[in-house]
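Asks: Structure below; questions to follow.
The values are calculated or read from the model by the stated rules, or taken from the named source; none is laboratory data. What you see is a predicted model; the values in this text were computed from it and never measured. For neighbour counting, all protein chains shown are included, and Cβ atoms are generated from backbone atoms with ideal geometry for every residue, glycine included. These area figures cover heavy atoms from the full protein model, side chains too; ligands, DNA and RNA do not enter into them. Shrake-Rupley method; radii C 1.70, N 1.55, O 1.52, S 1.80 Å.
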Amino acid sequence: MTDDRRVEAAAAAIAGAALGTVAGSLVGLAVPGAIVAGLNGAVSGRRGIYEWRTRNGLTAFTLDSTWALATTAAALASHAIGTIRGDSGYSRELSEGKNRHVYERGFEPRKGFAVTLGNVISGAGDVSKVRRAKLVTDHEDVHAWQARGFGPLYPVLYAGWMAGGAAMGTIVWAIRKRDEPFGKVVESCAYYLNPFEWWAYSRDDNWPPPGLIGKLGWKKPAVSSFASFRQNPC
């Protein structure tokens, strides 16, 4: 690690801890807030993920250290799992200056699916492949910003939809006289139709996704894709 990175890690840790203390004190958790935000600053500063000279970078760091502390804590857990695993495949190219950490493996609760916890994307796969790199930049990065924007509400809303969607999927499967496999119906309702996923798949220009049962759910993308912005920047 270079001297510049040591300075960045120390500065980000101190600034993060200060922000975390203030944010945590509002709910009686000043010390945990300082620890989470300080550790995030140290790890992220050492790896140089924040784009300090841009509004996005400053916003990402500030939110990660305050409003989004809950998901930042989950991100630290994801780091820990990646470290324990040992062959997590950290991608510097997709992390440095990108306001996120990207692991090709690491925490992988479901094979073949990437997962984003706070500012950490795990299970990205072989990011030398265009499709997997695009999954990171156009889909999973959306989840990182969703976590920042919705803060402590994000995991509650996401998990709440999953639970309610699973129950609804069970009802739909029963009503439709079992025309489709039970697992696929539940997955469609609980996961693919989750508004946060609809948003991310739409940004990725991948709506409807292959795993969604065609007769269910939203017919059109939630928002314009990033690809359309790149093609028509004006």
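Asks: Starting from region 196-210, keep only residues that are basic (Lys, Arg), then list their pairs with residues that are crowded, with 19+ Cβ neighbours inside 10 Å whose Cβ atoms are within a distance under 8 Å, requiring at least 6 positions of separation or different chains.
Replies: What qualifies is Arg203/Asp138; Arg203/His139; Arg203/Val142.
Asks: While we're here: Can you confirm whether Gly164 is farther than 27 Å from Ala60 by Cα and open to solvent by 60 Å² or more (accessible area, probe 1.4 Å)?
Replies: Details: farther than 27 Å from Ala60 by Cα: yes; open to solvent by 60 Å² or more (accessible area, probe 1.4 Å): no.
Spelling it out, it is not the case that Gly164 is farther than 27 Å from Ala60 by Cα and open to solvent by 60 Å² or more (accessible area, probe 1.4 Å).
Asks: Another question, if that's okay. Please enumerate the residues belonging to region 56-89 that are open to solvent by 30 Å² or more (accessible area, probe 1.4 Å) and not in a helix (DSSP H, G or I). Break it down into steps so the answer makes sense when it comes.
Replies: Step one: list which residues in region 56-89 are open to solvent by 30 Å² or more (accessible area, probe 1.4 Å), which gives 56, 58-59, 62-63, 66-67, 70, 73-74, 76-77, 80-81, 83-87.
Residues satisfying the conditions are Thr66, Trp67, Gly86, Asp87.
Asks: As an exercise: evaluate Ile81 against (1) closer than 16 Å to Arg148 by Cα; (2) touching a Gly at 6+ places or on another chain (Cβ under 8 Å) and give the number of the one condition it does not meet.
Replies: Among (1) closer than 16 Å to Arg148 by Cα; (2) touching a Gly at 6+ places or on another chain (Cβ under 8 Å), Ile81 violates only (1).
Asks: Related question: Which ones in region 187-206 are under 23 Å from Ala159 (Cα atoms), open to solvent by 30 Å² or more (accessible area, probe 1.4 Å) and of a type outside the set (Ser, Thr, Tyr)?
Replies: Within region 187-206, the subset under 23 Å from Ala159 (Cα atoms) is 187-204, 206.
Cutting the leftovers down to open to solvent by 30 Å² or more (accessible area, probe 1.4 Å) gives us 187, 191, 195, 198-199, 203, 206.
Within region 187-206, Glu187, Pro195, Trp198, Trp199, Arg203, Asn206 qualify.
Asks: Taking region 117-160 on its own, how many of its residues are assigned to a strand (DSSP E or B) and open to solvent by less than 20 Å² (accessible area, probe 1.4 Å)?
Replies: Of all residues in region 117-160, those assigned to a strand (DSSP E or B) come to 117, 120-122.
After this cut, where a residue has to be open to solvent by less than 20 Å² (accessible area, probe 1.4 Å) as well, the list is 120-122.
The total comes to 3.
Asks: OK, next. In region 10-32, how many residues are within 22 Å of the chain's Cα centre (by Cα) and either among the basic types (Lys, Arg) or surrounded by fewer than 20 Cβ atoms within 10 Å (Cβ to Cβ) (or both)?
Replies: 1
Asks: Tell me the residue from Arg53, Arg92, Arg46 that is in a helix (DSSP H, G or I), modelled with pLDDT of 95 or more and open to solvent by 70 Å² or more (accessible area, probe 1.4 Å), please.
Replies: On the way: Arg53 fails: in a helix (DSSP H, G or I); Arg92 fails: in a helix (DSSP H, G or I).
None of the others qualify; the one that does is Arg46.
Asks: Just to be sure I understand, how many residues within region 213-234 are open to solvent by less than 40 Å² (accessible area, probe 1.4 Å) and modelled with pLDDT of 95 or more?
Replies: So the answer is 1.
Asks: Look through region 172-186, keep the residues that are under 19 Å from Gly214 (Cβ atoms) and aliphatic (A, V, I, L, M), and return whichever of them is surrounded by the most Cβ atoms within 10 Å (Cβ to Cβ).
Replies: Start the filter on region 172-186 by keeping residues that are under 19 Å from Gly214 (Cβ atoms), which leaves 172-173, 175-186.
Retained after the next criterion (residues that are aliphatic (A, V, I, L, M)): 172, 175, 185-186.
Numbers: Val172: 19, Ile175: 9, Val185: 24, Val186: 20.
Per the stated criteria, the residue is Val185.
Asks: Would it be correct to say that Ile35 is at pLDDT below 95, open to solvent by 30 Å² or more (accessible area, probe 1.4 Å) and either aromatic (Phe, Trp, Tyr) or assigned to a helix (DSSP H, G or I) (or both)?
Replies: Details: at pLDDT below 95: no; open to solvent by 30 Å² or more (accessible area, probe 1.4 Å): yes; either aromatic (Phe, Trp, Tyr) or assigned to a helix (DSSP H, G or I) (or both): yes.
Taking the combined requirement at face value, the residue does not satisfy it.
Asks: Do the conditions hold for Ala163, that is, is it assigned to a helix (DSSP H, G or I) and out of contact with any Phe, Trp or Tyr (no Cβ under 6 Å at 6 or more places or on another chain)? So that I can check it myself, show each step before the final result.
Replies: Working: assigned to a helix (DSSP H, G or I): yes; out of contact with any Phe, Trp or Tyr (no Cβ under 6 Å at 6 or more places or on another chain): yes.
In short, yes.
Rundown of residues vs (1) under 20 Å from the mean Cα position of the chain (by Cα); (2) part of a helix (DSSP H, G or I); (3) more than 21 Å from Thr137 (Cβ to Cβ), yes/no style:
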{"position": "Trp173", "(1), (2), (3)": "no, yes, yes"}
{"position": "Asp179", "(1), (2), (3)": "no, no, yes"}
{"position": "Phe196", "(1), (2), (3)": "yes, yes, no"}
{"position": "Trp199", "(1), (2), (3)": "yes, yes, no"}
{"position": "Gly217", "(1), (2), (3)": "no, no, yes"}
{"position": "Lys220", "(1), (2), (3)": "no, no, yes"}
{"position": "Ser224", "(1), (2), (3)": "yes, no, no"}
{"position": "Ser228", "(1), (2), (3)": "no, yes, no"}
